[in-house]
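Notes follow once the structure below has been shown.
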Amino acid sequence: MTHIHELKPRHRPRRTKRVRPVGAVALVAFVLVLVAFAFLGQTKALADTTSLKNKPAPVFELPDMEGKLISLRDLKEVVLLDFFTTTCPNCDELAPHVQGLYEEYAEKGLKVFGVSMGDPPSRLRTYVADKKLTYPVLIGTSAVARAYQIPGVPVVVIIDRGGIVRHVQIGFRNGLGLEAAMERVIRELLGL
C-alpha cells in the first residue's frame, strides 16, 4: 500500500517564459548604425575630394626619387597627378594607363607625376622599374594628402594650365571607361 506521503508529485514541465532576443536585436542595430556611419563618412570623404574640381589646385613642393624638388607652382602645363601606393591592386591596374597617357601626350604639353603615398624607397624603386614607369614619381606627404583630401588610393587629379583642378577620379577598375574619361579631359585641356 502506498501512503500519501510516499506519492511523488506529478511532475509537470515548467512553463518557460519566451525569451526575446533583445540583446541580438540591439547588437544587429548597433552594427547597422556603425556601417551607416562608416558609409556616410566615406561618402563625405569622396564628396570632399571631388569638391576640389574647378578650384585652384593646392600647391606643393615634393622631392622626386632622386631628391630633386618639384613645385606645382612652377608648372604652367596640364598636369596629371596619380596618387598611389605600391601595395594597391587598383593602382597596379591604373599604372599602365597613366604610362600610356604620358607617352601619348607628354610632347603635347602634359606633365605626369606619380605621387607615392608612404612607400619605402627600395620598394618604390622596384615598383617603378617593374611597371616600366618613365614619368617622374614624387614622394608624397600626409600634408599633401590632406590638401588634396585623398580618401584612399588610387586618385587621379588633372589640373589645367591655370592651376585649376578640372578632373578628380577616385579609384580605378579596368573596363569601366575611366581611362577614356581621363583621356577626354586631357585632350580637351590640351586643345586637341
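The values are calculated or read from the model by the stated rules, or taken from the named source; none is laboratory data. The model shown is predicted, which means the values in this text are computed figures rather than measured ones. Quick reminder, even Gly has a Cβ in these numbers, built from the backbone with ideal geometry, and neighbours come from all protein chains shown. Areas reflect the complete protein model, heavy atoms only, side chains present, ligands, DNA and RNA absent. Shrake-Rupley method; radii C 1.70, N 1.55, O 1.52, S 1.80 Å.
Tabulated results
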quantity	calculated
Only listed residue being open to solvent by 10 Å² or more (accessible area, probe 1.4 Å) and touching a Pro at 6+ places or on another chain (Cβ under 7 Å), chosen from ASP119, ASP64, ASP130, ASP82	ASP64
Boolean, VAL144 is in contact (Cβ under 8 Å) with a residue 24 or more places away in the chain and under 13 Å from VAL98 (Cβ atoms)	no
Per-region count, segment 172-192, residues part of a loop (DSSP other than H, G, I, E, B) and either of a type in the set (S, T, N, Q) or surrounded by 18 or more Cβ atoms within 10 Å (Cβ to Cβ) (or both)	2
Criterion violated by PHE37 - all others in (1) modelled with pLDDT under 50; (2) open to solvent by less than 80 Å² (accessible area, probe 1.4 Å) satisfied	(2)
Yes/no for ASP74 being of a type in the set (Asp, Glu), closer than 20 Å to VAL59 by Cα and touching a residue at least 60 places away in the same chain (Cβ under 8 Å)	no
Selection from segment 97-134 of residues that are closer than 19 Å to GLN169 by Cα and more than 18 Å from the chain's Cα centre (by Cα)	GLN99, GLY100, LEU101, TYR102, TYR105, LEU110, LYS111, VAL112
The one condition in (1) in contact (Cβ under 8 Å) with a residue 60 or more places away in the chain; (2) surrounded by 18 or more Cβ atoms within 10 Å (Cβ to Cβ); (3) among the charged types (D, E, K, R) that GLU93 fails to fulfil	(2)
